[in-house]
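Here the structure comes first, spelled out in structure tokens, and everything after it is commentary.
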Amino acid sequence: MGFNYAIARRAATILVALATAAALKVPHAPTAQPRRNAAAPLLKRVASAAVAFSALGAPLVALPEAALAAKPSDAATSAGSRVNKDPESLLRNGLPIGGAIGSATKKAEARKVQQAVEAIKDDLRAKRIRAAGSDVVKAQTLLGDGSKIAAGAPGPVKEEVEALLGELKAALDPIAAILADTGAAGSPQERDSLDKAFAAQATAADLVSKVEARLVPAGLKYANAPPEFKNVPRLDGRARVEWTMVKKDKDGTFAVDGILYKEAKMEMILDGYTTPLTSGNFLDLVSKGFYNGMAIQRADGFVVQTGDPDGPDGPLIGYGQDGDPKKEPRRVPLELFVDGDKAPTYGETTEDGQRGSAQTVLPFQAYGALGMARDEYEADSASSQFFFLLFDSDLTPAGKNLLDGRYSCFGYTIAGSDFLGAVEEGDIIKSVKILKAPPPFGDYKGLDP
């Protein structure tokens with residue numbers, strides 16, 4: 001029987017995912033050596049094998065057979081794409097419109113508009129001008145009766161939603177005008193038209209985010225966290241954080257697309273709707289300056305990881321209680337919000353909970369997704385160490401990358417993520433600061449930071 005390249009490619013990709021997941025474990029015992037050192041050679045070998053197999057034919061496919069029949073969630077799919085890799089789209093999908101139970105009609109109508117607006121961007125990227133024009137018409141048609149989306153909202157909120165829907169409808173008109181005459185394919189006029197259409201679409205997408213954020217019930221808070229973690233700071237809502245890094249070499253630069261930068265600046269959204277304790281703990285450490293001046297402790301092409309207060313070879317492994325490094329680290333439970341649940345779950349992976357194929361509301365499927373590192377054998381062992389996942393849809397497929405359901409994804413990098421590919425071990429975190437956050441971390445009262 002001949003060599004089956006499809007099976008070989010699939011096996012190679014699954015090995016990459018396994019190796020990646022295994023390498024994310026953070027040693028719990030103070031005397032343990034970091035597992036990442038032992039896993040790095042395996043990662044490189046498996047990655048090389050995956051690349052070699054991918055060069056033989058079609059793109060890598062790593063979904064196990066049991067996953068082929070799995071029902072995709074909002075997060076797993078986007079307009080016209082198999083895997084939704086857009087962090088802002090994933091954040092929109094994660095908004096608890098109407099609450100965990102919510103109004104099915106209101107949510108469904110809002111999601112239809114969202115998908116139509118997001119489809120414009122997908123089609124513009126592929127230069128499917130006619131299809132993008134159809135997406136605009138579809139979105140405008142759906143907005144023809146915005147009463148279904150605003151229905152049931154409290155008076156002031158309803159008026160605000162209706163006003164935002166009017167702004168959204170008006171924002172779509174310029175896109176239709178631009179696409180009506182883009183010029184010849186490859187011409188300067190086409191490039192200029194596409195640039196303008198992308199900018200107009202971004203404005204429309206931002207308005208969609210604002211509409212959906214207003215549909216989240218005021219004061220929404222899940223009160224089912226285990227009592228032993230009552231002292232862990234909470235984030236009820238969302239926060240925006242700015243991250244600045246410099247090279248370990250004083251004169252070093254970050255090279256991105258042929259351009260050199262002295263500093264790497266990124267912005268992240270932390271999502272307290274799905275991970276209130278994980279996000280709250282992280283934001284608390286940011287507010288205390290815990291990460292300022294810290295070195296990047298791992299950067300291997302799969303993840304960028306840091307948060308060990310005295311480096312991978314020191315005795316400390318997390319943030320000491322009350323800020324005292326001599327005290328036991330403050331622990332954060334494994335916190336997962338599975339699509340369809342009414343609240344986060346704690347202390348167990350989806351596999352341990354007999355829900356191995358369940359999709360989390362915020363999946364690890366965007367470049368720069370934020371995840372909490374933890375001990376391999378203890379679910380509730382996270383403290384201060386976290387990672388940015390350098391997502392690749394072939395190597396870490398949506399919903400089946402062995403990270404979803406095993407680690408807490410608590411947000412996404414929404415600006416500057418290209419810098420992550422230029423980050424090396426030893427690079428220094430110059431500063432991390434809160435841009436917008438609700439009380440007690442800030443005074444931001446809105447829902448769309």
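Figures for the structure shown
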| read-out | value |
| --- | --- |
| In the range 290-316, residue surrounded by the fewest Cβ atoms within 10 Å (Cβ to Cβ) [restricted to those that are under 18 Å from V432 (Cα atoms) and aliphatic (A, V, I, L, M)] | A295 |
| Any hit, the range 340-348, residues being in contact with a strand residue (DSSP E or B) (Cβ under 6 Å, 6 or more places away or on another chain), under 24 Å from L285 (Cβ atoms), open to solvent by less than 10 Å² (accessible area, probe 1.4 Å) and modelled with pLDDT of 95 or more | yes |
| Tally, over the range 312-355, of residues that are assigned to a loop (DSSP other than H, G, I, E, B) and either among the basic types (K, R) or over 26 Å from the mean Cα position of the chain (by Cα) (or both) | 13 |
| Matching option when the condition is modelled with pLDDT of 95 or more, open to solvent by less than 80 Å² (accessible area, probe 1.4 Å) and in a loop (DSSP other than H, G, I, E, B), among L235, L168, L207, L172 | L235 |
| Hits in the range 391-415 (condition: at negative phi, at pLDDT below 95 and assigned to a loop (DSSP other than H, G, I, E, B)) | F391, D392, S393, D394, L395, T396, P397, A398, K400, N401, L403, R406 |
| Test: L285 is assigned to a loop (DSSP other than H, G, I, E, B) and touching a residue at least 60 places away in the same chain (Cβ under 8 Å) | no |
| Residue in the range 262-279 that is in contact (Cβ under 8 Å) with a residue 24 or more places away in the chain, charged (D, E, K, R) and part of a helix (DSSP H, G or I) present | no |
| Residues of the range 416-438 satisfying the condition of being part of a helix (DSSP H, G or I) and either farther than 12 Å from A299 by Cα or not aliphatic (A, V, I, L, M) (or both) | S417, D418, F419, G421 |
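The values are calculated or read from the model by the stated rules, or taken from the named source; none is laboratory data. From a predicted model like this one, the values you see are computed outputs, not experimental measurements. Methodologically, a virtual Cβ is constructed for each residue, glycine included, from the backbone with ideal geometry; neighbour enumeration extends over all protein chains shown. All accessible areas refer to the heavy atoms of the entire protein, side chains included, with ligands and DNA or RNA removed. Shrake-Rupley method; radii C 1.70, N 1.55, O 1.52, S 1.80 Å.
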